[in-house]
Amino acid sequence: MHISVVQKSKHEATISLDSVTVAEVLRVALYEQGVDFAAWKKEHYSKPVLMIVRHADGVQKIINAAVGQITKQTELLVKELK
């Protein structure tokens, strides 16, 4: 999987991802963390997904919290399936 930061400031970031599924999981997790705005778009099937994240307290902190939540949920699922 390929993820890269296209643009980043303290309160807004644009991220490029190659998976709609990962973008949607991240979007939901960001809203669960209280993000101000998170959305993704895919202009064409041959182009990557672009996700925009905005948060008044800074995007780095809220993205890290959302990824941490996804990691915990994934580890719990793996544990339950074993």
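Limited to region 6-41, what total is found for residues that are part of a strand (DSSP E or B) and within 15 Å of A66 (Cβ to Cβ)?
Quick first cut of region 6-41, residues part of a strand (DSSP E or B) only: 6-8, 12-17, 37-41.
So of that shortlist, the ones also within 15 Å of A66 (Cβ to Cβ) come out as 13, 15, 17, 37-40.
Matching residues across region 6-41 total 7.
Which pairs turn up if I take residues in region 1-30 that are more than 13 Å from P48 (Cα to Cα) and exposed (fewer than 12 other Cβ atoms within 10 Å of the Cβ) and look for partners that are modelled with pLDDT of 95 or more and of a type outside the set (G, A, S) with beta carbon separation below 6 Å, at least 6 apart in sequence or on another chain?
Q7/T14
Within region 57-69, identify whether any single residue is over 15 Å from the mean Cα position of the chain (by Cα) and surrounded by 12 or more Cβ atoms within 10 Å (Cβ to Cβ), and answer yes or no. Spell out how you get there, then give the answer.
Here is the first cut: in region 57-69, the ones over 15 Å from the mean Cα position of the chain (by Cα) are 57.
Within this subset, residues satisfying the condition of being surrounded by 12 or more Cβ atoms within 10 Å (Cβ to Cβ) are 57.
Within region 57-69, one or more residues are over 15 Å from the mean Cα position of the chain (by Cα) and surrounded by 12 or more Cβ atoms within 10 Å (Cβ to Cβ).
Condition check ((1) in contact with an Asp or Glu (Cβ under 8 Å, 6 or more places away or on another chain); (2) of a type in the set (V, I, T)) across all residues:
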| residue | (1), (2) |
| --- | --- |
| V5 | no, yes |
| S16 | no, no |
| V22 | no, yes |
| L26 | no, no |
| L30 | no, no |
| G34 | no, no |
| W40 | yes, no |
| H44 | no, no |
| K47 | no, no |
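Please specify each residue of region 38-51 satisfying the condition of being under 11 Å from the mean Cα position of the chain (by Cα) and surrounded by fewer than 17 Cβ atoms within 10 Å (Cβ to Cβ).
Result: A39, single match.
Taking region 43-82 on its own, how many of its residues are assigned to a helix (DSSP H, G or I) and farther than 11 Å from A13 by Cβ? It would help to see each step written out before you state the result.
Going through region 43-82, the residues assigned to a helix (DSSP H, G or I) turn out to be 59-81.
Okay, now just the ones that are also farther than 11 Å from A13 by Cβ, so 61, 64-81.
Result for region 43-82: 19.
What number of residues within region 1-46 satisfy the criterion of being among the basic types (K, R) and either under 23 Å from K72 (Cα atoms) or touching a Ser or Thr at 6+ places or on another chain (Cβ under 9 Å) (or both)?
Just the residues of region 1-46 that are among the basic types (K, R), to begin with: 8, 10, 27, 41-42.
Filter once more, so that each one left must be either under 23 Å from K72 (Cα atoms) or touching a Ser or Thr at 6+ places or on another chain (Cβ under 9 Å) (or both): 8, 27.
So the count comes out to 2.
Hey, can you tell me all the residues within region 18-36 that are under 13 Å from I63 (Cβ atoms) and more than 9 Å from the chain's Cα centre (by Cα)?
Y31, E32, Q33, G34, V35, D36, listed by residue number.
Taking region 26-82 on its own, how many of its residues are at pLDDT below 95 and of a type in the set (F, W, Y)?
Within region 26-82, residues that are at pLDDT below 95 and of a type in the set (F, W, Y) number 1.
The values are calculated or read from the model by the stated rules, or taken from the named source; none is laboratory data. Everything numeric in this text was worked out from a predicted model, so none of it was measured. Cβ coordinates were reconstructed from backbone atoms using ideal geometry, including for glycine residues, and neighbour counts include every protein chain displayed.
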